[in-house]
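Visitor: Sending over a structure as structure tokens; questions will come in a sec.
The values are calculated or read from the model by the stated rules, or taken from the named source; none is laboratory data. Just so it is clear, the model here is predicted, and its values are computed rather than measured. Neighbour counts are summed over all protein chains in view; Cβ atoms, including those assigned to glycine, are modelled from backbone coordinates with ideal geometry.
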Amino acid sequence: MKARLVSDETRAFGNPLTMRLSFVALLTASTAVAPAFAQPAARCAVTVVRAPDDVRLTIEPMLATEHCTTSLQVRVIPTERGLYVIAGDEHGRMRERVVPNATSAAVLIASWASDDSITGAPPIPVPPVSAPPVAAVHDGIMGPSMVPSTAPSMVDEPDRSDEDDEVAPVQHPARFITLGIGGAAGSGTGIRAEVDLLDHCNWTFGILGSITGETMRVTDYMQAYATNYTATTSDYALAVAVGGTHRWGTWHLRTGAALGLVISTLELEPDYSNQNSPFAGGSGTTASPWLEAHLLAGHSLGATKRWELEVGATVSYAKQSWFVGATMETLARDAGSIMLVANVRRGI
């Protein structure tokens, strides 16, 4: 019998069964190791809930290349001090800070998302920052509120960063204080004041007062020859007033009426220029009902619309007469008068 010498290498790998087992073991090991090298890094689970479009376009591409360990919901809100960044994680922890620009915001968010300590320990306290209102949900209704630094929830809301703030137009005051002066030939001159106490729709209710004075020439034909006098009257009127105002932008038309009482005094002085012997003068006081109607046009001044100027006319009626004891005669005055007025008004 012939003997064959086999080397250690031939004995180890020359056997077909041994080679088959070695191949299977190598294939299993390579399969187990391959996924470890082929598995990509985890993508950042950061949701930008709210941010201006230009800020969002800066933040999202930068976060796409970052390795993150914490999922965040982020809001970026423009303020006068910069971009207010507020982020909340799945554990209810909140972080907030104000940064100057979008790049700084992206770097800050990436640092928060890649911070391993945020899942195991509370975040480092951040000094309080004045933040604008962020919408919150109460019983299913959206309403403005300030999100506290420990708020556990983040609420999705539409992006309103590009919407222009609508400024409500300034409204005219409903009530005014009015001061005016007036005068006309044959009606004297005077001052007047109105105060609106109540208002309803375009109507106002208040009080009106006026003081007027007039000097006129009076001729007495009851004597054997005509006697001339100079009569000076002073009228003090107080009334309740109602008025309506119709507006067209900064222009308006105001109508109204007043009913009250007028007290009038009379001073009668004889005129000696056309007579040889003096006659006595006299004085008297009377009170009578007083009625006034007015029509005025005006314009508002300034952005606040609290000041107005008006011009127009008033018509008043009061039937008056005086008994002058010195002459034993009764003097009567024309019942109606028309006066042109100019007013300054201020809203209250």
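Visitor: Could you please give the count of residues in segment 52-103 that are among the hydrophobic types (A, V, I, L, M, F, W, C) and within 18 Å of residue 114 (Cα to Cα)?
Guide: Result for segment 52-103: 11.
Visitor: On to the next question. Tally the residues that are exposed (fewer than 15 other Cβ atoms within 10 Å of the Cβ) and at pLDDT 85 or above, restricting the search to segment 108-132.
Guide: Number satisfying all stated conditions: 1.
Visitor: For segment 135-148, indicate whether the set of residues that are at pLDDT 50 or above, in contact with a strand residue (DSSP E or B) (Cβ under 6 Å, 6 or more places away or on another chain) and either in a loop (DSSP other than H, G, I, E, B) or over 30 Å from residue 343 (Cα atoms) (or both) is non-empty.
Guide: Taking every residue of segment 135-148 in turn, none turns out to be at pLDDT 50 or above, in contact with a strand residue (DSSP E or B) (Cβ under 6 Å, 6 or more places away or on another chain) and either in a loop (DSSP other than H, G, I, E, B) or over 30 Å from residue 343 (Cα atoms) (or both).
Visitor: How about segment 88-114: which of its residues are closer than 21 Å to residue 53 by Cβ and in a helix (DSSP H, G or I)?
Guide: 102, 103, 104, 105, 106, 107, 108, 109, 110 - these are the residues of segment 88-114 that are closer than 21 Å to residue 53 by Cβ and in a helix (DSSP H, G or I).
Visitor: Do any residues in segment 162-185 that are closer than 30 Å to residue 295 by Cα have Cβ atoms under 6 Å from those of residues that are among the charged types (D, E, K, R) and modelled with pLDDT under 90, where the two are at least six apart or on different chains, and which pairs are they?
Guide: Every condition considered, the pairs that remain are 170/305; 172/305.
Visitor: If you go through segment 335-348 one residue at a time, how many are modelled with pLDDT of 80 or more and either over 50 Å from the mean Cα position of the chain (by Cα) or not in a strand (DSSP E or B) (or both)?
Guide: Total satisfying the criteria: 1.
Visitor: Sticking with this structure for a sec: When the residues of segment 278-326 are narrowed to those that are surrounded by fewer than 15 Cβ atoms within 10 Å (Cβ to Cβ) and assigned to a loop (DSSP other than H, G, I, E, B), which ends up modelled with the highest pLDDT?
Guide: Ranking the qualifying residues of segment 278-326, first place goes to 319.
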